[in-house]
Amino acid sequence: MTNEKPTKEEIEEQKERRREVALKNLKEPNLLNLSVAYYTDRENSGYGKNDNAAVEEFLYYPAIRFGPQTYDLESGEKSDLLKDSLLSSRQDGKRYSGQVSEYNIIKIGAAIIEQSLGAIKVDDIMFLLGSVFHIKENYKGKYLNDLLQSEKEEDKKTAGMLIGGYLQYQTTQRVSKALGQRAENMKGGLEKLVKKEEKK
């Protein structure tokens, strides 16, 4: 059996398959919410107790309740992150024997998001941000992983900034949304105290 090197076309096809799977991960809201819980909980994250409390209530709990779906970048297979975490924690394959850490689950979720970002193109990350403009020719259609492995320092720096900036953007957006939901709940509670009931 010969170990033939894949052709350029085969390599491109593989990259494109990984990209399509990565985009599914990046559009999975529960997976993104788990990653936000990870980023806001880290030491020196810049997020305080109120931010983290809102994230826990409005992002983390719903993500756990509905179960984040993930897609394997190589096979494309869909799986359930919570189920996988539970089963992989088994000791010697024995049922009900493992221990699962909440922190480990959110850390795995964040890692999947980061790996997925590397597998997409510059154009994709701009689309996910909602940005509509013409991209510089030297970045148009380029995979972020290719830029990260480039010999040019500028390419590496740009790719790193795109990935890091996207993660910060998603985190900030989702924390703001969670705080907004918390504020609405507070308002509703106050209204309930004094609101006159309408007769039917």
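Values quoted throughout were computed directly from the atomic coordinates according to the rules given, and no laboratory measurement underlies them. Keep in mind it's a predicted model, so treat the numbers as computed, not measured. Backbone-built Cβ (ideal geometry, glycine too); neighbour counts: all protein chains shown.
Going down the table (136/177; 107/187; 49/177; 78/140; 27/83; 8/152), which pairs top 25 Å between alpha carbons?
136/177; 107/187; 78/140
Over the chain, with a Gaussian network built from C-alpha contacts below 10 Å, which listed residue (54, 159, 183) shows the highest mean-square fluctuation?
Maximum fluctuation in the GNM of the chain, among the listed residues, is at 183.
Among 31, 168, 62, pick out the residue whose Cα is farthest towards the positive end of the charge dipole of the chain, where Lys and Arg carry +1 and Asp and Glu carry -1 on C-beta, about the Cα centre.
The one lying farthest along the dipole's positive direction is 62.
Please give me, ordered by residue number, the GluC sites (Glu not before Pro) of the stretch 143-200 that lie in loop per DSSP and have at most 14 other Cβ atoms within 10 Å.
151, 197, 198
Please check: in the Gaussian network model of the chain (C-alpha springs, under 10 Å), which one of 115, 170, 149 has the largest mean-square fluctuation.
149
In a GNM of the chain with a 10 Å cut-off on Cα contacts, which of 32, 179, 117 has the highest mean-square fluctuation?
179
Which whole-Hz ³J(HN,Hα) couplings does the stretch 121-133 yield from phi under the Karplus relation 6.51 cos²θ - 1.76 cosθ + 1.60, θ = phi - 60°, glycine and proline marked x?
Couplings: 9, 4, 4, 5, 5, 5, 5, 5, 7, x, 8, 10, 6 Hz.
Give the calculated FRET efficiency between residue 90 and residue 61 to the nearest 0.05, with a Förster radius of 25 Å applied to their Cβ-Cβ distance.
The pair residue 90/residue 61 has a calculated efficiency of 0.50.
Can you compute log10 of I(q)/I(0) for the stretch 1-100 with the Debye formula, treating each Cα as one identical point scatterer, at q = 0.19 Å⁻¹?
One equal scatterer on each Cα of the stretch 1-100 leads to -1.00.
Tell me which of 145, 82, 194 sits at the most positive position along the dipole axis of the stretch 8-194, charges placed on C-beta atoms (Lys, Arg +1; Asp, Glu -1).
Checking the options against the dipole of the stretch 8-194, the answer is 194.
Can you give the charge dipole size of the chain about its Cα centre, rounded to the nearest 20 debye, using +1 on the beta carbon of Lys and Arg and -1 on the beta carbon of Asp and Glu?
Roughly 960 debye for the chain.
Hey, of (i) 18.5; (ii) 20.8; (iii) 19.3, which did the structure itself give for mean projected area of the Cα convex hull in nm² when calculated?
Working out mean projected area of the Cα convex hull in nm² from the coordinates points to (iii).
Can you give me the long-range amide H partners of residue 142? Hydrogens built in the peptide plane at 1.01 Å from N, cutoff under 5 Å, separation of 5 or more residues or another chain.
122, 123
So how tilted is helix 29-41 from the main axis of the chain? Cα-based, degrees 0 to 90, rounded to 10.
80
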